[in-house]
Amino acid sequence: MAPFEVMPVEALSDNYMYLIVDTSTRQAMAVDPVDADELVAAAKKLNATVIAVLTTHHHFDHAGGNNQMRQLLGSSLEVLGGDPNIQGLTRQVRDGDELALGGCAVRCLHTPCHTSGHISYVVSAPSSPNRETAVFTGDILFVGGCGRFFEGTPEQMVASAAKLAQLPAATAVYCGHEYTTKNLEFAFEVEPQNADVIAKRTWAEATRKVGGRTVPSTIGEELKYNPFMRVGVAAIKKFTGADDDVTVMRILRNKKDTFAGSSRPWIPGGGPLPGL
């Protein structure tokens, strides 16, 4: 039996919320429960007791259900996150903080760029012989892409991507949105000869055509086809016309922001990153 299970729950138009359940104790943590009613109902179906909310960042489509979670489950429910202005926050966490979920460990990784206080959560089972690991990346890393640099810089994204790349290759990646097909359209634009991009794009489009989910991927997979995890690769540098990783990252993000297949338009007041 696996030491923990993960249940993705869809919300809004393209968001993912998650329940992480320790299989021995049935204790659970809720990740970004923007639709509290849906997630509490899902926990009941799993016979799981939610002991904490893990918030990746302060945007409403991730943190907007925190207060209702406390209304439904009690004011003693912990709401954790790295941004001090997260809705309902009861405890601010920092890079390296560790939390307990039954026999599992939850490590907080500060992965700034999308927002300045963005936290990714790494769940592992140290006593398990298979060393299962999962990371909940919110909007810092998607399948085949990454989130916009709303509060951060290309330098921060390079550092955050490198931090995530250090996780075991088999680590399951659970991200905050179903943007995969659009992300892989852009990845194909960047690396049209990359067989891993082609295979993943073909699979993702077929999966979405029948209403399936494209999460999770793995860290090892992202390193093969996600351009934002591949800024040091020669083909990516050739596409951007730049040599250093930070400039490559800046150019990639600007091109993705104006890409015809982009999932959402740039928000009012936004625009290209400075320096180009």
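Only the coordinates and a few stated rules stand behind these numbers; no lab work does. What you are looking at is a predicted structure, and each value in this text was computed from that prediction instead of being measured. FYI the Cβ positions are ideal-geometry reconstructions off the backbone, even for glycines, and counts take in every protein chain you see.
Computed extension gain for ARG213 through ALA162, at 0.36 nm per residue and net of the alpha carbon distance, reaches 15.8 nm. How many angstrom lie between the Cα centre of the stretch 205-259 and the Cα centre of the stretch 44-87? About 30 Å separates the Cα centre of the stretch 205-259 from the one of the stretch 44-87.
To the nearest 500 deg cm²/dmol, what mean residue ellipticity at 222 nm is calculated for the chain from DSSP H runs of n ≥ 4 alone, each contributing -39,500 (n - 2.57), summed and divided by the residues?
Counting only the DSSP helices, I get -9000 deg cm²/dmol.
Using amide H atoms built in the peptide plane, which far-off residues or other-chain residues are under 5 Å from GLU191 H to H? The answer is none.
The phi-based Karplus calculation (6.51 cos²θ - 1.76 cosθ + 1.60; θ = phi - 60°) puts the 3J(HN,Hα) values of the stretch 217-222 at 9, 9, 4, x, 5, 4 Hz, whole numbers, x for Gly and Pro. Model label points for ASN85 and LEU46, set 7 angstrom from Cα along the Cα-to-Cβ axis, are 3.1 nm apart. Percent of Cα pairs in the stretch 3-87 per distance bin of 10 Å, from zero to the largest separation: 20, 56, 23, 1.
Using C-alpha pairs below 8 Å separated by at least 6 residues, the relative contact order for the chain is 13 percent. Of the Cα atoms belonging to the chain, the radius of gyration and Dmax stand at 18.1, 54 Å. From most to least packed by mean Cβ count within 10 Å, the peptides 207-213, 142-148, 182-188, 194-200 give 142-148, 182-188, 194-200, 207-213.
Database remark: amide H of VAL50 closer than 5 angstrom to the amide H of ALA28 (H placed geometrically; neighbours at sequence offset of 5 or more, or on other chains; Pro and chain starts carry no H). The shape of the stretch 36-162 can be summarised by an equivalent ellipsoid whose semi-axes, obtained from the alpha carbon gyration tensor, come to 24, 19, 13 Å from longest to shortest. Stretching the chain fully between GLU98 and VAL233 yields a gain of 45.3 nm (0.36 nm per residue, less the alpha carbon separation). With the simple spin-label model, which puts each label point 7 Å out from Cα in the Cβ direction, the PHE150 to ASP196 separation comes to 2.9 nm. Remark on THR133: its backbone amide H falls under 5 Å from those of ALA172, a criterion applied only to residues 5 or more positions apart or on other chains, H modelled at 1.01 Å from N.
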